[in-house]
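Report on one structure; see the data block that follows.
The values are calculated or read from the model by the stated rules, or taken from the named source; none is laboratory data. Remember, it's a predicted structure, so these values are computed and weren't measured experimentally. Cβ placement follows ideal geometry from the backbone for every residue including glycine, while neighbour counts extend to all protein chains displayed.
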Amino acid sequence: MLQRPRRNRKSPAIRKMVEETIVLPSHLIYPLFLVDGKSKPEAIKSLPGIFRFSIEDLSREVEQCLKLGVAAFVLFPAVSDKLKDRRATYSYSARNFYLKAIATLKKRFPQAVFMSDVAMDPYSSDGHDGLVANGEIVNDETLPILAKMAVAQAEAGIDIIGPSDMMDGRVGYIREALDKSGFTDVSIMSYTAKYASAYYGPFRDALDSAPKSGDKKTYQMNPANKYEALRESMLDEQEGADMLMVKPALCYLDVIHLLKENSVLPIAAYNVSGEYAMLKAAAANGWLNYEQAMNEQLLSIKRAGADIILTYFAKDFAQLYKKQRS
Ligand code: PBG
């Protein structure tokens, strides 16, 4: 036999030497949930190990992650029902605790990267990402609201704006609003191909942000479609996005690959709440090895073509990475 592929697998050192894909803590973005006030960390039932934090506890979490080499965070606000309205006005109000928290975090951790979420759902009494009028999610009327939200977040000091709403034209609209307000240095990571997925369930529990009626299928993408993601990516590029994202990750590895092959922009993938919860549940039952399966999930996403991974595993992964190197 001339070809014996096993020779390249014969020892740990050789296996490491020929390893094609590497995940580093610096490739990860850790999602964090923020609540107003001073309450103790609140566990989220469907997301074991993830909490809703007050700003002080959240700061501690950021500090620990920075020490572990995770330097980027995406922040989500859990807003009380009485502050929600049809037009999500609290999202850009000067009293918004989320905006204050961004300013505090940026002051405390200037070296970290903070990313926001731009969509109406955490602030909307309808629980939709866009404005609801006569039972429909209206596109163009939503854009000014998203732009106000993005500019308010930029004023607070956010590094990267993350439009997650899937309205048409929002990247260009937000880019123009940011530039007009002088925020030419604030980046946009667009949720380019965001699918109408069952895997967001635990996230909606965390924020109590599930739609009050209907579903998100008129704006989020059909899981059956791949080339539509390419169309979305071309539009986002033209509209000035700095990075493109695919979401969820694991059921959409082909989409990640397609976008990577067809764009020169960095590609991110969101390893979403349900993907994390599935593994946590299986591990809690003793059905899977948590650390190995986590590694395998993150590797597969990276191998498919993601440069950046948004993942609830970020801290656990960084801890494991440190342990394995010491
Ligand atoms: C809101 C938003 C969602 C997620 C991120 N931003 C949920 C949704 O669209 O319903 C999901 C993240 C996750 O499941 O981890 N626009």
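Please enumerate the residues belonging to the stretch 248-258 that are within 13 Å of the ligand (Cβ to nearest atom) and in contact (Cβ under 8 Å) with a residue 60 or more places away in the chain.
Scanning the stretch 248-258 gives a single hit, A249.
Check the stretch 202-212 and report whether any residue there is polar (S, T, N, Q) and farther than 25 Å from H27 by Cα.
yes
Quick check, is A112 under 22 Å from T311 (Cβ atoms) and away from the ligand (no atom under 16 Å from the Cβ)?
Working: under 22 Å from T311 (Cβ atoms): yes; away from the ligand (no atom under 16 Å from the Cβ): yes.
Against the criterion (under 22 Å from T311 (Cβ atoms) and away from the ligand (no atom under 16 Å from the Cβ)), A112 qualifies.
Within the stretch 259-299, restricting attention to residues that are assigned to a loop (DSSP other than H, G, I, E, B) and surrounded by 14 or more Cβ atoms within 10 Å (Cβ to Cβ), which residue is nearest to the ligand (Cβ to nearest atom)? Write out each step before concluding.
So in the stretch 259-299, the residues assigned to a loop (DSSP other than H, G, I, E, B) come out as 263-266, 272, 285-289.
Cutting the leftovers down to surrounded by 14 or more Cβ atoms within 10 Å (Cβ to Cβ) gives us 263, 265-266, 272, 288.
On the way: S263: 21, L265: 20, P266: 19, V272: 4, L288: 20 Å.
Filtering first and then ranking leaves V272.
Are any of the residues in the stretch 63-86 without any contact (Cβ under 8 Å) to a residue 24 or more places away in the chain, surrounded by 11 or more Cβ atoms within 10 Å (Cβ to Cβ) and of a type outside the set (S, T, N, Q)?
Initial filter on the stretch 63-86 (without any contact (Cβ under 8 Å) to a residue 24 or more places away in the chain): 67, 82.
Pick out the ones that are also surrounded by 11 or more Cβ atoms within 10 Å (Cβ to Cβ) and you get none.
No: zero hits.
Would a scan of the stretch 138-155 turn up a residue that is crowded, with 19+ Cβ neighbours inside 10 Å, in a loop (DSSP other than H, G, I, E, B) and of a type in the set (S, T, Y)?
No, there is no match, as no residue in the stretch 138-155 is crowded, with 19+ Cβ neighbours inside 10 Å, in a loop (DSSP other than H, G, I, E, B) and of a type in the set (S, T, Y).
I need the full set of residues from the stretch 173-197 which are among the basic types (K, R) and either closer than 19 Å to M120 by Cα or near the ligand (Cβ under 10 Å from one of its atoms) (or both), in order please. Steps first, answer last, please.
Going residue by residue through the stretch 173-197, those that are among the basic types (K, R) are 175, 180, 194.
Within the stretch 173-197, R175, K194 meet the criteria.
Counting only residues that are among the aliphatic types (A, V, I, L, M) and either touching a strand residue (DSSP E or B) at 6+ places or on another chain (Cβ under 6 Å) or free of Cβ contacts under 8 Å to residues at least 60 places away in the same chain (or both), which one in the stretch 184-207 is surrounded by the fewest Cβ atoms within 10 Å (Cβ to Cβ)?
Narrowing the stretch 184-207 to residues among the aliphatic types (A, V, I, L, M): 186, 188-189, 193, 196, 198, 206-207.
Imposing the further condition that a residue be either touching a strand residue (DSSP E or B) at 6+ places or on another chain (Cβ under 6 Å) or free of Cβ contacts under 8 Å to residues at least 60 places away in the same chain (or both) reduces the set to 186, 188-189, 193, 196, 206-207.
Working: V186: 23, I188: 24, M189: 27, A193: 28, A196: 15, A206: 21, L207: 19.
Here the answer is A196.
Among the residues of the stretch 2-47, what is the count of those that are of a type in the set (S, T, N, Q) and buried (at least 17 other Cβ atoms within 10 Å of the Cβ)? Talk me through it step by step, then tell me what you get.
Within the stretch 2-47, the first condition is being of a type in the set (S, T, N, Q), and the residues that meet it are 3, 8, 11, 21, 26, 39, 46.
From what's left, buried (at least 17 other Cβ atoms within 10 Å of the Cβ): 46.
Count: 1.
Among the residues of the stretch 103-128, which ones are part of a loop (DSSP other than H, G, I, E, B) and surrounded by fewer than 17 Cβ atoms within 10 Å (Cβ to Cβ)?
Pass one, the stretch 103-128, residues part of a loop (DSSP other than H, G, I, E, B): 109-112, 116-117, 119-123, 125-128.
Hits for the stretch 103-128 are P110, Q111, S125.
Among (1) within 23 Å of A154 (Cβ to Cβ); (2) β-branched (V, I, T); (3) part of a strand (DSSP E or B), which single condition is T184 missing?
(3)
For the stretch 152-169, give me each residue that is of a type in the set (D, E, K, R) and within 20 Å of E239 (Cα to Cα).
Selection gives D159, D165, D168.
Within the stretch 234-258, count every residue that is closer than 19 Å to H27 by Cβ, of a type in the set (D, E) and surrounded by 24 or more Cβ atoms within 10 Å (Cβ to Cβ).
0
Give just the number: which of (1) within 13 Å of the ligand (Cβ to nearest atom); (2) among the acidic types (D, E); (3) in contact with an Asp or Glu (Cβ under 9 Å, 6 or more places away or on another chain) does D168 not satisfy?
In the conditions (1) within 13 Å of the ligand (Cβ to nearest atom); (2) among the acidic types (D, E); (3) in contact with an Asp or Glu (Cβ under 9 Å, 6 or more places away or on another chain), D168 misses (1) alone.
What number of residues within the stretch 198-236 are within 12 Å of the ligand (Cβ to nearest atom) and either out of contact with any Phe, Trp or Tyr (no Cβ under 9 Å at 6 or more places or on another chain) or of a type outside the set (S, T, N, Q) (or both)?
We begin by selecting, within the stretch 198-236, every residue within 12 Å of the ligand (Cβ to nearest atom); these are 198-211, 215-217, 219-221.
From what's left, either out of contact with any Phe, Trp or Tyr (no Cβ under 9 Å at 6 or more places or on another chain) or of a type outside the set (S, T, N, Q) (or both): 198-208, 210-211, 215-217, 219, 221.
Residues flagged as within 12 Å of the ligand (Cβ to nearest atom) and either out of contact with any Phe, Trp or Tyr (no Cβ under 9 Å at 6 or more places or on another chain) or of a type outside the set (S, T, N, Q) (or both) within the stretch 198-236 amount to 18.
Among the residues of the stretch 232-255, count how many are under 14 Å from Y195 (Cβ atoms), of a type outside the set (D, E) and in a helix (DSSP H, G or I).
Counting residues in the stretch 232-255 that are under 14 Å from Y195 (Cβ atoms), of a type outside the set (D, E) and in a helix (DSSP H, G or I) gives 6.
Under 19 Å from G201 (Cα atoms) and surrounded by 15 or more Cβ atoms within 10 Å (Cβ to Cβ): does that describe Y321?
Values: under 19 Å from G201 (Cα atoms): no; surrounded by 15 or more Cβ atoms within 10 Å (Cβ to Cβ): yes.
Taking the combined requirement at face value, the residue does not satisfy it.
Answer yes if at least one residue in the stretch 214-223 is of a type in the set (A, V, I, L, M), more than 29 Å from S46 (Cα to Cα) and at pLDDT 95 or above, and no otherwise.
Residues of the stretch 214-223 of a type in the set (A, V, I, L, M): 221.
From the residues that got through so far, the ones that are more than 29 Å from S46 (Cα to Cα) too are none.
No, because not a single residue in the stretch 214-223 is of a type in the set (A, V, I, L, M), more than 29 Å from S46 (Cα to Cα) and at pLDDT 95 or above.
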